[in-house]
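Trainee: Shown below is the structure under consideration.
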Amino acid sequence: TFSPDDQCTRGQVVTFLWRASGSPEPTSANPFVDVKEGDYFYKAVLWAVENGITNGVTKTTFNPDGNCTRAQAVTFLHRYLGQPESSIENPFTDVDSGEFYANAICWAVENGVTKGIDDTHFEPDSTCTRGQIVTFLYRALK
């Protein structure tokens with residue numbers, strides 16, 4: 001089963017992006033105590049950090065099993081694609097324009113990658129599901 005309604009973890013999201021990029025070999029040392037060689041996400045995490053797609057939650061932890069929020073998922077994808085600018089105004093009352101993810105969300109909406117849960121709410125802190133992240137990837141990369 002794919003379990004599209006299951007919550008997606010940080011490790012899963014970076015692994016999806018890493019695989020979409022052709023599974024390149026990372027070149028940096030591992031700074032994270034919670035990411036071990038042999039973990040399915042090991043190379044993906046190192047690659048994502050090397051390429052500025054994400055950081056750890058601290059300097060020494062990545063939290064690969066932690067749930068990935070909708071804002072984080074869209075931000076990872078946005079960074080993966082080079083952080084293109086958005087030309088739309090933020091339509092969401094729950095997305096502060098000063099948040100690190102605000103431009104990423106506007107870009108995603110403008111480019112049909114995702115919508116909010118309604119016209120004025122994105123729910124940036126809600127956990128991204130496996131179905132949502134693969135849909136975001138499909139729409140952004142097609």
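Trainee: List every residue whose amide H lies under 5 Å from the amide H of T9, counting only residues 5 or more places away in sequence or on a different chain, with H placed 1.01 Å from N in the peptide plane.
Mentor: C68
Trainee: Using a simple spin-label model with points 7 Å from Cα along the Cα→Cβ vector, what separation in nm is obtained for Y40 and F100?
Mentor: Reported label-point gap for Y40 and F100 is 2.6 nm.
Trainee: Under Stokes-Einstein, with the Kirkwood radius over Cα pairs standing in for Rh, what whole-number D in µm²/s applies to segment 1-76 at 4 °C and 1.567 mPa s?
Mentor: 104
Trainee: Pop out the Kirkwood hydrodynamic radius of segment 102-142 from its pairwise C-alpha distances, inverse of mean 1/r, in Å to one decimal.
Mentor: 10.6
Trainee: Continuing with the same structure: Could you tell me the relative contact order of segment 7-142? Use alpha-carbon pairs under 8 Å, at least six residues apart, and round to a whole percent.
Mentor: Numbers: 205 pairs, mean separation 36.0, N = 136.
It comes to 26 percent, rounded to a whole number.
Trainee: Here's something else I'd like to know. For Rg and Dmax of the Cα atoms in Å, one of (i) 14.7, 43; (ii) 27.0, 109; (iii) 15.6, 48 was computed from the structure I shared and the rest are decoys. Which label?
Mentor: Computed from the coordinates, Rg and Dmax of the Cα atoms in Å corresponds to (i).
Trainee: Which ³J(HN,Hα) values, rounded to whole Hz and listed in residue order, are derived for segment 68-80 from phi using the Karplus coefficients 6.51, -1.76 and 1.60 in 6.51 cos²θ - 1.76 cosθ + 1.60 with θ = phi - 60°, glycine and proline given as x?
Mentor: Running phi through 6.51 cos²θ - 1.76 cosθ + 1.60 with θ = phi - 60° gives 9, 6, 4, 5, 5, 4, 5, 5, 4, 5, 4, 5, 4 Hz.
Trainee: Could you run the Karplus curve 6.51 cos²θ - 1.76 cosθ + 1.60 with θ = phi - 60° over segment 30-45 and give me ³J(HN,Hα) per residue in whole Hz, x for Gly and Pro?
Mentor: 7, x, 9, 6, 9, 10, 10, 4, x, 5, 4, 9, 3, 5, 5, 5
Values in this text are rule-based calculations from the coordinates and carry no lab data. Being a predicted model, the structure only gives us computed values, none of them experimental. Because the Cβ atoms are built from the backbone with ideal geometry, glycine has one as well, and the counts that use them run over all protein chains shown.
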